Every structure is written in C-alpha cells, then in structure tokens.
Amino acid sequence: MAMNQMETVRQWLAKADHVVALTGAGISAESGVPIFRGAGGLWQQHRPEDLATPEAFARNPRLVWEWYDWRRARVAAAVPNPAHLALVTLERSSSHFTLITQNVDGLHDRAGSRHVLKLHGDLWQLRCTGCGNESHNTDVPLLELPPRCSCGGILRPAVVWFGEALSGKVLRAASEAAVQSQVFLVIGTSALVQPAASLPLLAGQNGARVVEINRERTALSAHTDISICGAAGELLPQLVAD
Ligand code: BJW
Ligand code: ZN
C-alpha cells in the first residue's frame with residue numbers, strides 16, 4: 001500500500017542522521033522543464049549523440065548552442081515546484097543532508113538549497129574552449145551563437161556531455177555522501193546514465209535504505225527498498241511534512 005510506504009519512509013527519514021537525495025530531470029518536469037527520455041522528452045526530437053557530445057559541438061557549435069539557448073529560455077521562464085521546496089525543508093531539518101543533482105537547470109539553487117553537488121554541470125556557466133576561463137551568464141537569448149570569449153575562443157556550456165569526465169571533486173563528494181547515507185532518495189531519474197546511476201547502488205551496498213520516487217518504474221526499481229510511483233511535486237511535500 002502506498003500509504004504504508006510513505007509512512008515507512010517518513011519514519012526512516014526521522015531516524016536518519018545522514019540523508020542523501022539524488023535528483024534527475026523528473027523533479028523539474030512539474031516546473032515545465034522538459035525531461036530527456038520518454039514521452040515528451042527532449043530526445044524525441046533530438047538524438048543525444050547529435051547534441052550532447054563534444055564531437056557534436058566541434059562539428060557544429062551553432063546547432064548545439066541553438067538547443068541550449070532554447071533550453072535556457074525554458075528554464076528562465078520556469079519556477080521551482082513543491083518538490084524542489086521540499087528538499088530545502090529536508091536540508092534544514094536533517095543533521096547531515098547532501099543534495100546531488102544530475103540537472104543543469106539551477107532550480108535547486110533558486111529554490112534555496114544551500115549545498116548542491118551538480119554532477120553534470122550548470123546551464124548558466126560558460127567555459128571557453130580556448131583559454132578555459134569560466135563565467136556566469138544568464139543572458140536569454142544569447143546575442144551571438146556561438147558566444148565568444150574576450151580571447152576570441154568559442155564558449156561552451158559548462159555541462160558534462162557523453163564521453164566527458166565528471167568533476168572528480170564533485171563525484172568523490174557524492175560517492176562519500178552515498179556511502180555515509182542511511183536514507184538515499186532517488187527522485188525523477190531514469191537511472192540510465194553512468195556514473196550517477198551507480199550512486200544509489202553504492203549507498204545500498206553500504207547499508208542505506210534506498211527509496212525511489214518516480215512516475216514510472218525504472219532500471220533501478222528492482223534494486224530499491226521502496227519504489228513509490230507518482231509525481232515528485234505531490235509526494236515529496238508529504239514525505240517531509242511535520
Ligand atoms: C518524474 C516526473 C515527475 C518525469 N515526478 N518523476 C557504464 C556502462 C555503460 C555506459 C557507460 C558507463 N559508464 C559511462 C558510460 C557512458 C555514458 C553513459 O552513461 N551512457 C549510458 C546512456 C549507457 N556516460 C558518460 O559518458 C558520462 N561520462 C563518463 O562516464 O566519463 C568517463 C570518463 C572518464 C575519464 C575521462 C573521460 C571520460 C557522462 C554522462 C553525461 C550525461 N550528460 C547529460 C547531458 C548534460 C547536459 C545537459 O543537460 O544538456 O546529462 S545526458 C542527460 O541524461 C543529462 C541528464 O542529467 C542525464 C540523466 O537523465 P535523467 O535526469 O535521468 O532524465 P530522464 O529524462 O532520462 O528521466 C526522467 C525521469 O523522470 C523518468 O524516469 C520519468 O519517469 C521521471 N519523471 N516526470 C517524478 N513529475
Ligand atoms: Zn577564452
């Protein structure tokens with residue numbers, strides 16, 4: 001019964017010293033930000049290998065930038081939803097809480113989460129392919145595609161594409177939090193992309209209760225303690241309510 005599962009998770013959260021949440025695109029879906037895979041996903045229209053790889057960017061930076069420019073506009077028009085806000089509450093009420101996100105949209109920051117480990121980077125940071133300089137940029141739309149650095153180099157979004165390494169520092173911090181956690185929440189991710197998808201398994205191997213919240217069953221569902229089917233914006237506020 002879903003009610004009993006919710007109550008069980010509430011009790012686990014109340015007793016835990018170390019809580020981790022790993023979020024994916026599904027947590028921002030109710031804010032109107034498109035997810036990647038599945039119905040209405042970004043990759044119904046675009047093949048990932050055409051857009052989210054360093055090779056694609058080298059081939060056609062303008063095409064890749066048109067996609068990111070469109071996504072930045074979608075995100076700029078969106079606001080955090082009750083699921084993002086529930087994780088802010090959880091951060092404030094837990095003795096040790098770590099938020100790990102695969103999302104690049106910045107909605108956790110805008111909701112008020114203090115410490116966010118961004119595994120796949122940030123849509124609002126740009127990095128020069130020439131000199132490596134990074135800068136914050138919230139222009140929507142960008143005036144010039146592709147945008148350029150003052151050194152003349154082409155700027156790219158500071159996100160992690162397929163075949164690129166995640167930040168070692170961020171991944172280590174995320175892995176350590178997973179190992180330490182007693183409750184590990186996995187929210188709105190298809191759990192197909194590595195190495196992010198291994199973090200809940202690492203947590204489970206080290207004794208955490210792994211709880212999934214997703215509209216659908218995923219690759220991970222068979223490996224969790226509890227999988228709750230439903231919308232994050234409805235379920236998460238119920239889990240963290242006093
Ligand atoms: C809701 C909801 C609601 C909807 N409520 N739920 C091992 C095995 C096989 C392959 C690999 C492997 N290790 C590495 C690889 C290769 C590759 C990989 O994982 N490939 C797989 C696809 C097979 N990984 C990599 O290349 C990674 N790099 C790497 O491993 O480097 C190694 C290396 C080391 C040293 C030197 C060099 C290299 C990098 C992966 C980068 C992923 N990047 C992207 C793009 C980021 C920028 C951008 O956003 O544009 O990250 S791809 C895309 O997928 C994005 C996402 O963060 C990521 C995950 O997607 P997510 O969040 O799960 O979204 P969806 O759409 O898939 O799912 C949404 C879910 O929400 C669904 O389940 C819905 O049901 C649900 N939902 N509404 C609750 N309201
Ligand atoms: Zn530069």
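The values are calculated or read from the model by the stated rules, or taken from the named source; none is laboratory data. The structure displayed is predicted, hence computed values, not measured ones. Glycine gets a Cβ as well: all are built from the backbone with ideal geometry, and neighbour counts include every protein chain shown. Each accessible area value is taken on the protein alone, full model and side chains, heavy atoms only, with ligands, DNA and RNA left out. Shrake-Rupley method; radii C 1.70, N 1.55, O 1.52, S 1.80 Å.
Projecting each Cα onto the charge dipole of the chain (Lys/Arg +1, Asp/Glu -1 at the beta carbon, about the Cα centre), which of Asn214, Phe97, Leu126 comes out farthest on the positive side?
The Cα lying farthest towards the positive end belongs to Leu126.
Once both labels are modelled 7 Å past Cα along the beta-carbon direction, what's the Arg148-Gln194 spacing in nm?
Inter-label distance under the simple model: 4.0 nm.
Output the relative contact order of region 78-175, whole-number percent, from Cα pairs under 8 angstrom with separation of 6+ residues.
On the way: 136 pairs, mean separation 23.8, N = 98.
The normalised contact order for region 78-175 reaches 24 percent.
Based on the Cα gyration tensor of the chain, what are the three equivalent ellipsoid semi-axes, each the root of five times an eigenvalue, rounded to whole Å and given largest first? The partial results should precede the final answer.
On the way: eigenvalues 209, 62, 56 Å².
Semi-axes from the Cα gyration tensor: 32, 18, 17 Å.
For the chain, the longest stretch holding no GluC sites (Glu not before Pro) located in a DSSP loop with at most 15 other Cβ atoms within 10 Å is which? Spell out each step's value before the answer.
Values: sites that count: Glu144, Glu164, Glu216.
The longest such stretch corresponds to 1-143.
At 7 Å along the Cα-to-beta-carbon direction for both Asn206 and Met6, put a label point, then send me their distance in nm to one decimal.
Roughly 3.1 nm, to one decimal.
What order do Asp225, Asp69, Asp50 take when sorted by accessible area (1.4 Å probe), most exposed first?
Greatest to least solvent exposure: Asp225, Asp50, Asp69.
Roughly how many Å² of Arg37 are accessible to a 1.4 Å probe, to the nearest 10?
80
Tabulate in residue order the Karplus-calculated ³J(HN,Hα) for region 114-122, using 6.51 cos²θ - 1.76 cosθ + 1.60 with θ = phi - 60°, rounded to whole Hz; enter x for Gly and Pro.
7, 10, 10, 8, 9, 5, 10, x, 8
Set the Förster radius R0 to 35 Å, insert the Cβ-Cβ distance between Asn60 and Lys169 as r into 1/(1 + (r/R0)^6), and round the FRET efficiency to 0.05. Kindly include the intermediate steps, with their values, before the conclusion.
On the way: r = 31 Å, r/R0 = 0.88.
E(calc), rounded to 0.05, equals 0.70.
Hey, how many Å between the Cα centroid of region 171-222 and the Cα centroid of region 88-125?
About 16 Å separates the Cα centre of region 171-222 from the one of region 88-125.
I'd like to check one number: the per residue accessible area of region 199-242, probe 1.4 Å, reported in Å² as a whole number.
Working: 2210 Å² over 44 residues.
Solvent-accessible surface per residue comes out at 50 Å².
Probe 1.4 Å, all protein chains in place: accessible area of Leu192 in Å², nearest 10?
The value for Leu192 is about 110 Å².
Using a Gaussian network for the chain with springs between C-alpha atoms less than 10 Å apart, which of these wobbles most: Ala14, Ala232, Ala83?
Comparing Ala14, Ala232, Ala83 in the GNM, the peak value goes to Ala14.
For every helix of n ≥ 4 consecutive DSSP H residues, a contribution of -39,500 (n - 2.57) applies; sum these over the chain, divide by its total residues, and give [θ] at 222 nm rounded to the nearest 500 deg cm²/dmol.
Numbers: 10 runs with 90 residues, N = 242.
Taken over the chain, the calculation gives -10500 deg cm²/dmol.
Using a 1.4 angstrom probe on the protein heavy atoms only, line up Arg215, Arg74 by accessible area, largest first. Please report the intermediate quantities before stating the final value.
Values: Arg215 160, Arg74 95 Å².
My answer, sorted largest first, is Arg215, Arg74.
Return the long-range amide H neighbours of Val186 (sequence gap of 5 or more, or a different chain), with a cut-off of under 5 Å between placed amide H atoms.
Under 5 Å from the amide H of Val186 lie the amide H atoms of Leu22, Val211, Glu212, Ile213, each far enough along the sequence or on another chain.
Determine the percent antiparallel among the DSSP beta bridges restricted to region 11-170, to the nearest 5. Mind showing how you got there, number by number?
Details: 9 of 18 bridges.
Here the share of antiparallel DSSP bridges comes out near 50 percent.
Pop the C-beta distance of Arg47 and His223 into the FRET formula with R0 = 30 Å and round what comes out to the nearest 0.05.
On the way: r = 28 Å, r/R0 = 0.95.
Using R0 = 30 Å, I get an efficiency of 0.60.
Equivalent-ellipsoid semi-axes (√(5λ), Cα gyration tensor) for region 64-161, whole Å, largest first? Intermediate values should be presented prior to the final figure.
On the way: eigenvalues 166, 45, 18 Å².
Ellipsoid semi-axes (Å, largest first): 29, 15, 9.
Largest first, what is the accessible-area ranking of Ser113, Ser175 with a 1.4 Å probe? Numbers along the way, then the final one.
Values: Ser113 10, Ser175 35 Å².
So, going from the largest accessible area down, we get Ser175, Ser113.
Taking the radius of gyration and the Kirkwood hydrodynamic radius from Cα positions alone, what is the Rg/Rh ratio for region 82-137, to two decimal places? Walk me through the numbers before you get to the answer.
On the way: Rg = 13.5 Å, Rh = 12.5 Å.
We get a ratio of 1.08 for region 82-137.
Given a 1.4 Å probe and every protein chain left where it sits, what share in percent of the accessible area of region 78-136 is carbon and sulfur?
On the way: 1260 of 2560 Å².
Percent of accessible area from carbon and sulfur atoms in region 78-136: 49.
Please provide three numbers in whole Å: the alpha-carbon extents of region 148-242 along the principal axes, with the largest listed first.
Principal axes ranked by extent give 52, 29, 29 Å for the Cα atoms.
Please give the solvent-accessible surface of Cys131 in Å², to the nearest 10, using a probe radius of 1.4 Å with every protein chain present.
Counting only protein heavy atoms, the figure is 80 Å².
How large is the accessible surface per residue of region 65-175, computed with a 1.4 Å probe and reported in Å² as a whole number? Don't jump to the answer; show the numbers that get you there.
Values: 5230 Å² over 111 residues.
That works out to 47 Å² for each residue.
Averaging over all projection directions, find the projected area of the Cα convex hull of region 193-242 and quote it in nm² with one decimal place.
Mean shadow area of the hull around the Cα atoms is 4.0 nm².
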